[in-house]
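Some notes on the structure that comes next.
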Amino acid sequence: MNWALTNYERLLDLVWQHTWISGSAIALGFALALPVGWAAYAMKSSPHGAVRQLSGVTVSLSSVLYTIPSLPLFVIMPTILGLGWLNPINVLIALVIYAFAIMVRGVVDALNAVPPSVLDSAAACGFSRGQRAISVTLPLAGPVMLAALRVVSVSTVSLLSIGALVGVSNLGSLFTNGFNRNFPTEILTGVVLTVALALVFDLLLVAAGRLLMPWNSVVSAGGSA
Amino acid sequence: MSLLEETVAWFSEPAQWSGATGIPWRLAQHIGYTALAVAAAALVAVPLGLYIGHTGRWRNLAVLSTGALRALPTLGLLTLLALQLGIGLSAPIIALAVLCVPPLLAGIYSGLEAVDPATVDAARAQGMTEAHVILRVELPLAMPLIIGGLRSAVLQVIATATVAAFIGVGGLGRYIIDGLAVSDTARVLGGAVVVVILALVIDALFAAAQRLSAHFADPATPTKERHA
Amino acid sequence: MIEFRSVGKRFADGTRAVSDFSLTVPSHTTTVLVGSSGCGKTTLLRSVNRMVDLTEGKILIDDDDIAARDPVQLRRSIGYVMQHAGLLPHRRVIDNVATVLRLNGVPKAAARQRAAQVLETVGLDASVHRKYPSQLSGGQQQRVGVARALANDPNILLMDEPFGAVDPIVRAELQQEMRRLQQDLKKTIVFVTHDIEEAFALGDQVVILREGGKVAQVGAPAEILARPADEFVARFIGLEHGRRQLRVRDENGRRIVVDEHGRPAGVLE
């Protein structure tokens, strides 16, 4: 506790580093996955067999990305991007890849979970294609997308700490530093702060979900009769 | 020489293919750690998962702790345990095992839960004992999801075992950690490539196993439409 | 008036739902299409608002071919009620009812005001306005579905087994409500059901369909009952098993109506 207090300036800096890198990775991953996932979903009902296959290929390729272990990806990234070893953008982009990989499947699952009967009834009411996508499909896919985004958020915050091994400064630096100095308090502080940050992100997402999707948290009347 | 050429050159050095620092031995170590950790995790996850999936009890607890464990930074757990338990294999194996319990557990209980309750009910009505129900009905039907959980657990451990090189254990992560320490980029990239290939191969094997088990659980799998 | 002229539909996968179907639906009356599943009744209904596009023939609404109309605009001018109501789960009841008005460009406040009126017409008070569909009972949801279809005051109402998913007591209630509403509103209604009782209870004109959208008989319920066109119709409307051959029997001073097997069917007043 004393150690944390005397080093609060450094800790604050690491928390900030961790926040912006993981926060941007989550946001960018989601922003990229939404159109790609949507395209995969739309292709699935195409009359052309080849296009339908492309949809499946998109989803499988994105999940293969997720199987690449993190440390190797972190060290391959500088070579691919041609940036300096210590540039945080390397780790950021690697995390975007993971976020994207989980989220594409999440978006496709979310869109598939929208009840066809509701889409049908919206069309029958006279929603045009565009209107229906924006004001019916997207909001109704929201809850499942949010669930996937929460998984992305937690794992991104946790994965980033491995970036400390390649010298990118974040809360993970407390692990490498604490280990080298044989100082468990520093590591424990890092663990607590990382978990706390993941929790804060999660609470923010849940709160945003409540705000944007109020219908999702009401108690239903029960029974279908 | 470009980095690519350097990396290729690194692979072609004879030193990489024999001895205690060669790729075959490090690969064997890596797979060994993974197998050990997954086996240790299975000792906890299998009985617990079967219990939760079969009875439905403790489910919320399992969901909650699975989520919480996911937030736990792997490197933090590794370094902390290494300092507490000292150098040796016990710290990394325990850390790896702890991290792979959640996906394993989730695969088992959600697999059992996904079995149609009417099928289980029918099995019981025909006079099967609870053990019969688990072994002959629930487990075979849940197998695709269980293997799915095993798949993510194993991949998670392969990735984390690489990171574990930082606390001094062997395996393929050594190339990356040692290469980074002396700025030997070819070694770092070489090691990274081997780990990535290992992960992709294992993933492909599990994908095949999952398809196979899906076929066993339900021989009509390819024409799944009729269940809809 | 809606006219089906030699209408046919073959789906992309080659299955034929309907062929050479012709029918006139008079204005301000209820026409019920009734038949077993697979008879093409829903396809016929959905071709009126171009949710299904025909492969043969045409449909005229007040002498205009709907093929020339923009499908989206056409749908906004026709009320549609479906099984399970098909309400938008993420919108409050009041906004569900206001949906079509909003799509037609009515300002929000005016649309809600109108929606509240229509909800009252279908027997729902202000307490449901702020609720989400999942917070209502099945019968209430169905009423909201009817209100949504009526909100824009369309001339035509299409109803696809609207009461198919509610329990028998609620269904009878909703059917009665329908009759009352129709007396006041005089819409041109096309109603699809597989339940002959419902068809007789609601239809001014009943169309009994065989497989493939072929008309077995068209007529008022009484006509069909009195003179079934053939054995298929007779069986379909339940004449065969004697369920509709009723006799009167004296039971402790009251006149009880019984069927062929002596099972009580009602009381004669």
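Restricting attention to region A:153-169, the residues being closer than 14 Å to residue B:167 by Cβ and more than 9 Å from chain B (Cβ to nearest Cβ) number 0. Annotation: of all residues in region A:79-92 being without any contact (Cβ under 8 Å) to a residue 40 or more places away in the chain and in a helix (DSSP H, G or I), the one that is nearest to residue A:133 (Cα to Cα) is A:89.
Table: residues versus (1) in a helix (DSSP H, G or I); (2) closer than 29 Å to residue B:81 by Cβ; (3) among the polar types (S, T, N, Q).
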position: B:112; (1), (2), (3): yes, no, no
position: B:123; (1), (2), (3): yes, no, no
position: B:134; (1), (2), (3): yes, no, no
position: B:147; (1), (2), (3): yes, yes, no
position: B:152; (1), (2), (3): yes, yes, yes
position: B:187; (1), (2), (3): yes, yes, no
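Here residue A:156 fulfils each of the conditions (1) part of a helix (DSSP H, G or I); (2) at positive phi; (3) of a type outside the set (A, V, I, L, M, F, W, C) apart from (2).
Listed here are the residues, each with its yes/no results for (1) within 13 Å of chain A (Cβ to nearest Cβ); (2) more than 20 Å from the chain's Cα centre (by Cα).
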site	(1), (2)
B:67	yes, no
B:75	yes, no
B:83	yes, yes
B:93	no, no
B:101	no, no
B:112	no, no
B:117	no, yes
B:126	no, yes
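Here the condition is being under 25 Å from residue A:152 (Cα atoms) and within 14 Å of chain A (Cβ to nearest Cβ); of B:63, B:8, B:38, it holds for B:63 alone. For residue A:20, indicate whether it is modelled with pLDDT of 90 or more, farther than 30 Å from residue A:132 by Cβ and part of a helix (DSSP H, G or I). Taking the combined requirement at face value, the residue satisfies it. In this structure, does residue A:115 turn out to be touching a residue at least 24 places away in the same chain (Cβ under 8 Å), open to solvent by 10 Å² or more (accessible area, probe 1.4 Å) and closer than 30 Å to residue C:45 by Cβ? Yes. Within region A:36-80, the set of residues being open to solvent by 50 Å² or more (accessible area, probe 1.4 Å) and polar (S, T, N, Q) comprises A:45, A:53, A:60, A:79. Going by what's in this entry, would residue C:251 be described as modelled with pLDDT under 95, farther than 30 Å from residue C:94 by Cβ and not assigned by TED's automatic domain parsing to the domain that holds residue C:98? It is true that residue C:251 is modelled with pLDDT under 95, farther than 30 Å from residue C:94 by Cβ and not assigned by TED's automatic domain parsing to the domain that holds residue C:98.
To keep it simple, each residue is scored yes or no on (1) away from chain B (no Cβ under 14 Å); (2) polar (S, T, N, Q).
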{"residue": "A:36", "(1), (2)": "yes, no"}
{"residue": "A:45", "(1), (2)": "yes, yes"}
{"residue": "A:51", "(1), (2)": "yes, no"}
{"residue": "A:76", "(1), (2)": "no, no"}
{"residue": "A:80", "(1), (2)": "no, no"}
{"residue": "A:83", "(1), (2)": "no, no"}
{"residue": "A:103", "(1), (2)": "yes, no"}
{"residue": "A:109", "(1), (2)": "yes, no"}
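Just wondering, is there one or more residues in region A:19-27 that are among the aromatic types (Phe, Trp, Tyr) and either touching a Phe, Trp or Tyr at 6+ places or on another chain (Cβ under 6 Å) or open to solvent by 70 Å² or more (accessible area, probe 1.4 Å) (or both)? Among the residues of region A:19-27, at least one is among the aromatic types (Phe, Trp, Tyr) and either touching a Phe, Trp or Tyr at 6+ places or on another chain (Cβ under 6 Å) or open to solvent by 70 Å² or more (accessible area, probe 1.4 Å) (or both), which makes the answer yes. When residues in region B:101-122 are screened for being out of contact with any Ser or Thr (no Cβ under 8 Å at 6 or more places or on another chain) and crowded, with 19+ Cβ neighbours inside 10 Å, 8 of them pass. May I ask you to verify whether residue B:148 is within 30 Å of residue B:19 (Cβ to Cβ) and small (Gly, Ala, Ser)? No, not satisfied.
Quick check: anything in region C:65-81 in contact with an Asp or Glu (Cβ under 6 Å, 6 or more places away or on another chain), in the same structural domain as residue C:217 (by TED's automatic domain parsing), of a type outside the set (Phe, Trp, Tyr) and closer than 23 Å to residue C:203 by Cβ? Looking for residues that are in contact with an Asp or Glu (Cβ under 6 Å, 6 or more places away or on another chain), in the same structural domain as residue C:217 (by TED's automatic domain parsing), of a type outside the set (Phe, Trp, Tyr) and closer than 23 Å to residue C:203 by Cβ, one finds none in region C:65-81, hence no. Pairing residues of region B:202-221 that are part of a helix (DSSP H, G or I) with residues that are surrounded by fewer than 13 Cβ atoms within 10 Å (Cβ to Cβ), at Cβ distances under 7 Å and at least 6 apart in sequence or on separate chains, gives no pairs at all.
If you go through region A:199-219 one residue at a time, do you hit one that is away from chain C (no Cβ under 14 Å), of a type in the set (A, V, I, L, M) and surrounded by 22 or more Cβ atoms within 10 Å (Cβ to Cβ)? No, region A:199-219 contains no residue that is away from chain C (no Cβ under 14 Å), of a type in the set (A, V, I, L, M) and surrounded by 22 or more Cβ atoms within 10 Å (Cβ to Cβ).
Output the helices (runs of 4 or more DSSP H) that fall wholly within region C:1-110 and possess 3 or more residues being touching a Gly at 6+ places or on another chain (Cβ under 8 Å), surrounded by 14 or more Cβ atoms within 10 Å (Cβ to Cβ) and within 14 Å of chain A (Cβ to nearest Cβ), or say none.
C:71-76
Here is a list: C:119, C:157. Which entry is within 25 Å of residue C:199 (Cβ to Cβ), surrounded by 19 or more Cβ atoms within 10 Å (Cβ to Cβ), more than 9 Å from chain A (Cβ to nearest Cβ) and touching a helix residue (DSSP H, G or I) at 6+ places or on another chain (Cβ under 7 Å)?
After ruling out the rest, the residue left standing is C:157.
Within region B:162-181, being more than 9 Å from chain A (Cβ to nearest Cβ), in a helix (DSSP H, G or I) and within 17 Å of the chain's Cα centre (by Cα) holds for one residue alone: B:164.
Residues are listed down the side, and each one gets a yes or a no for (1) more than 7 Å from every other protein chain (Cβ to nearest Cβ); (2) crowded, with 19+ Cβ neighbours inside 10 Å:
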| residue | (1), (2) |
| --- | --- |
| A:127 | no, yes |
| A:140 | no, yes |
| A:151 | yes, no |
| A:171 | yes, yes |
| A:174 | yes, yes |
| A:191 | no, yes |
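Of the strands (runs of 3 or more DSSP E) lying entirely inside region C:215-269, those carrying at least 3 residues that are open to solvent by less than 80 Å² (accessible area, probe 1.4 Å) are C:215-219, C:254-258, C:264-267. Going by what's in this entry, would residue A:89 be described as surrounded by fewer than 22 Cβ atoms within 10 Å (Cβ to Cβ) and within 13 Å of another protein chain (Cβ to nearest Cβ)? For residue A:89, the condition - surrounded by fewer than 22 Cβ atoms within 10 Å (Cβ to Cβ) and within 13 Å of another protein chain (Cβ to nearest Cβ) - is not met.
The values are calculated or read from the model by the stated rules, or taken from the named source; none is laboratory data. All of these numbers come straight from a predicted model, not from anything done at the bench. Here Cβ is always computed from backbone atoms with ideal geometry, including for glycine, and neighbour counts include all displayed protein chains. For the accessible areas, the whole protein counts, side chains as well, though only heavy atoms, and no ligand, DNA or RNA atoms are used. Shrake-Rupley method; radii C 1.70, N 1.55, O 1.52, S 1.80 Å.
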